[in-house]
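Below you'll find the structure, written out as structure tokens, and then a few comments.
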Amino acid sequence: MVRQHDVAVVVDSCSCLPPELLQQWDITVAPHEITVDGRTYRDGVDLHPEQFYKLLKMKRGKLTAAPPRPQQFLDAFIAAGKLAPNVLCLTISSKFSAAYQSARAAAVLAGSRMTDVRVEVVDSLAVAGASGLIALAAARWAAKGYTMEQVISEVDQLIPKVDMFAFLESLHYLGRSGRVGKLQVWTGSILRARPLTELKLGEARILEKPRSRAKAMQRLLELMGQRVGRSQITLNVMEADSREDAEALLGKIRSEFNCREAILSECTPAIGAYTGPGLVGVAFYMHGGDEVDKPENAHQPR
């Protein structure tokens, strides 16, 4: 077996990146499971975003999401182990999901079943487009020939630099998932509020509740401007069944900010199960040095 690099990257499907980038950088995905009205799907395998959001609008029954089981992570580790002798698994924040614990359990299994492959699991303290950016950076460091220790060191330094803003169309789906209380859902519904949320270092907080999508998008841009100024940034705009709004947001960001690389991603069903349709957000980090070299062919969203 010929392995091209020292490190291969694995993520769970709550990390949002375009499929072509996952393929280009050999990032292996362990799928979350989505259950709708008693039928279970594997995120990105049996169920893709367009199908999921259509299904979401049709169904009114119970909707649940579960992290990849240890066996699913182990399968991903085995696949990644064919690419490199070291496998780095980056999970979404352990504060939002049990994916990290499941991956750790799978790493223990891998220790006895994959004797020629080393597996390490890192909590990205991020989710969706933010964890996607971290995974993409890790895969690029691996492609440059970094060792496992070097990639992990760079990831540890990048994690606190990644920020994310997003607004939801409503709190309804978070309420169904049990992530927010019934009172918050009721209040948000009465006020027709669209919660503008920040997620950073594994913590989520509602910043404001604009009453229109236009105001929410404008405030997102203003808050982003306060954070980054004229610094050069890499960013990942994400959307859940809101492509037109996401493209408009991306256009404004590209015209107003100093963008090194801009990516446009769909939220996976595992994310959409909690947000519902209508989410638009952006994950980003500033370049203060050489933490991530500019790729020769930066991904241009279509």
Being part of a helix (DSSP H, G or I), among the basic types (Lys, Arg), over 20 Å from residue 210 (Cα atoms) and not assigned by TED's automatic domain parsing to the domain that holds residue 16 is true for just one of 254, 260. Which residue is that?
254
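Which members of the range 1-17 meet the condition of being under 18 Å from residue 124 (Cβ atoms) and part of a loop (DSSP other than H, G, I, E, B)?
Quick first cut of the range 1-17, residues under 18 Å from residue 124 (Cβ atoms) only: 7-17.
13, 14, 16, 17, listed by residue number.
Could you check the range 98-118 and list, in sequence order, the residues that are within 23 Å of residue 162 (Cβ to Cβ) and crowded, with 22+ Cβ neighbours inside 10 Å?
In the first step, residues of the range 98-118 are kept if they are within 23 Å of residue 162 (Cβ to Cβ); the result is 98-104.
Listed by number, the residues that qualify are 99, 100, 102, 103.
Whether any residue in the range 120-129 is out of contact with any Leu (no Cβ under 9 Å at 6 or more places or on another chain) and surrounded by fewer than 19 Cβ atoms within 10 Å (Cβ to Cβ) is what I want to check.
Restricting attention to the range 120-129, the residues satisfying the condition of being out of contact with any Leu (no Cβ under 9 Å at 6 or more places or on another chain) are none.
No.
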Out of the residues in the range 112-126 that are modelled with pLDDT of 95 or more and of a type in the set (Val, Ile, Thr), state the one that is farthest from the chain's Cα centre (by Cα).
117
Can you find even one residue in the range 22-39 that is part of a loop (DSSP other than H, G, I, E, B), surrounded by fewer than 17 Cβ atoms within 10 Å (Cβ to Cβ) and not acidic (Asp, Glu)?
yes
Which one of the conditions (1) more than 14 Å from residue 121 (Cα to Cα); (2) in a loop (DSSP other than H, G, I, E, B); (3) at pLDDT 95 or above; (4) under 19 Å from the mean Cα position of the chain (by Cα) does residue 83 fail to meet, given that it meets all the rest?
(4)
Pairs where the first residue, in the range 89-103, is in contact (Cβ under 8 Å) with a residue 24 or more places away in the chain and the second is acidic (Asp, Glu) and surrounded by fewer than 22 Cβ atoms within 10 Å (Cβ to Cβ), C-beta under 8 Å, 6+ apart:
89/120; 91/123; 93/123; 94/123; 95/203
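The values are calculated or read from the model by the stated rules, or taken from the named source; none is laboratory data. These numbers come from a predicted model, not from an experiment. Cβ coordinates were reconstructed from backbone atoms using ideal geometry, including for glycine residues, and neighbour counts include every protein chain displayed.
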